[in-house]
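Step one of this worksheet: look at the structure below.
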Ligand SMILES: NC(=O)c1ccc[n+]([C@@H]2O[C@H](COP(=O)([O-])OP(=O)(O)OC[C@H]3O[C@@H](n4cnc5c(N)ncnc54)[C@H](O)[C@@H]3O)[C@@H](O)[C@H]2O)c1
């Protein structure tokens, strides 16, 4: 299995290299399956919620108008798709999800951008390719192993291409980690400790929304951690082999003593530490509150909902085909937010600390420390770039939509990267359920 995955990685890399070299020859957009003339790429967007309307909507059609033409919007919620049209500021025709095929037939897009609730990505990714379109999917590409297989098989069957919006690869701090690991200074990376700290603002927000139910998000180990697992896979240029995990809902869900349907209708407004008055958030009221009667989705859902089953506490161990061991933890109820990532190599240690939010002063948002022996150490700091997610949201779009974008570190992610990052979280879930080690090769066949 290791050999198979390695072979496929090499095939993938060499395919990327071909794509990259075509980029230098073609004046227009340049990767496989996309309109290679000087015309703009015609895109449609399915899933017109927050991420769709803003990052892949308003912030695409304006700044990328030389490269992209938005020709259709589609959502399961007939009202939200109209709200999105207004936010985006487009004349694109709107459709409800049952009319996805009709949208493709009428608008004839080159690409479909998928930003629905995670568990539905697969439906649109596969159907879009079957109807002749390339795809950009938000992470996670899929929430179940059979969905991953369906995507890999559909890509092969149709000859179309899936790109995954792994914006974390494009963050300044990620590029810095890549630079150090690629330099070989640390030698072989023997182990990695990765700690994800989510605070009671951001962390809790997942449990108010659809993300708190595994059936929607595949758990935070898929929804959220797919970013982190992809980062490690990309940094190591290695494939995950086996996964063991522990996880539980230790804080939210049925752990609370009070609960309601949602904050606005709750009897415990004054006593609940997580009460959120959504009526004061104009954007949320417009995008979700005003559309509730269509799908009964309440954006201010209760963090104490008994049906919450997405773990707020988890520990995952992953072994890689190149020998590295990863220990990853995620806690979603902490008093501060950030990450600590340490790489232990045969020639030294790299410690990375990302300070996102904490009740103490730091001299910089990101701290790096490289220690090569017991007497010497070097510390330096960094800050995020400007723009969405530290400028990464723009860079990922540049890489996909602008012509002649060099990609020397392989930041442009395809389906294989998407699938492998999701599969670590899916395998972790399976390990938590079965209390057994789960092999990635038992979940997917690449050829
Ligand atoms: N890369 C990042 O940094 C990042 C950040 C935020 C969200 N995301 C991803 O973007 C996606 C959307 O997240 P969001 O925060 O916008 O959520 P959201 O709830 O605001 O939007 C989801 C939209 O999908 C629609 N939808 C649900 N089921 C559908 C179906 N079957 N067919 C068509 N439409 C359907 C909903 O009506 C809603 O409008 C998710 O996959 C999420 O993981 C990525």
- [ ] Please state which of the following conditions residue 137 fails to meet, knowing it meets all the rest: (1) within 11 Å of the ligand (Cβ to nearest atom); (2) over 29 Å from residue 293 (Cα atoms).
- [x] (2)
TODO: Please go through segment 266-307 and pick out each residue that is within 16 Å of the ligand (Cβ to nearest atom), surrounded by 12 or more Cβ atoms within 10 Å (Cβ to Cβ), free of Cβ contacts under 8 Å to residues at least 60 places away in the same chain and over 18 Å from residue 212 (Cα atoms).
DONE: 278, 281, 283, 284, 285, 289, 292
- [ ] Give the residue, chosen from 374, 357, that is touching a strand residue (DSSP E or B) at 6+ places or on another chain (Cβ under 9 Å), away from the ligand (no atom under 16 Å from the Cβ) and on the phi < 0 side of the Ramachandran plot.
- [x] 357
- [ ] Grab the strands (runs of 3 or more DSSP E) fully contained in segment 34-105, keeping just those with 3 or more residues being more than 16 Å from the ligand (Cβ to nearest atom) and in contact with a strand residue (DSSP E or B) (Cβ under 9 Å, 6 or more places away or on another chain).
- [x] 68-75
Task: Within segment 294-304, tally of residues that are in contact with a strand residue (DSSP E or B) (Cβ under 6 Å, 6 or more places away or on another chain) and not in a loop (DSSP other than H, G, I, E, B) - done: 1
Task: Flag for residue 115 being within 13 Å of the ligand (Cβ to nearest atom) and within 18 Å of residue 414 (Cα to Cα) - done: yes
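Kindly state which strands (runs of 3 or more DSSP E) lie completely within segment 111-218 and contain at least 1 residues that are without any contact (Cβ under 8 Å) to a residue 60 or more places away in the chain.
134-137
Select from segment 329-341 the residues that are closer than 29 Å to residue 376 by Cβ and either out of contact with any strand residue (DSSP E or B) (no Cβ under 6 Å at 6 or more places or on another chain) or crowded, with 17+ Cβ neighbours inside 10 Å (or both) and list them in ascending order.
Residues satisfying the conditions are 338, 339, 341.
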Open item on the list: Looking at the structure I just gave you, is residue 243 within 12 Å of the ligand (Cβ to nearest atom) and surrounded by 22 or more Cβ atoms within 10 Å (Cβ to Cβ)?
Closed with: no
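None of the figures in this text is laboratory data; all of them are computed from the coordinates on show. Owing to the predicted nature of the structure, the values given are computational and were not obtained by experimental measurement. Positions of Cβ are generated from backbone atoms using ideal geometry, with glycine treated the same way; all protein chains shown enter the neighbour counts.
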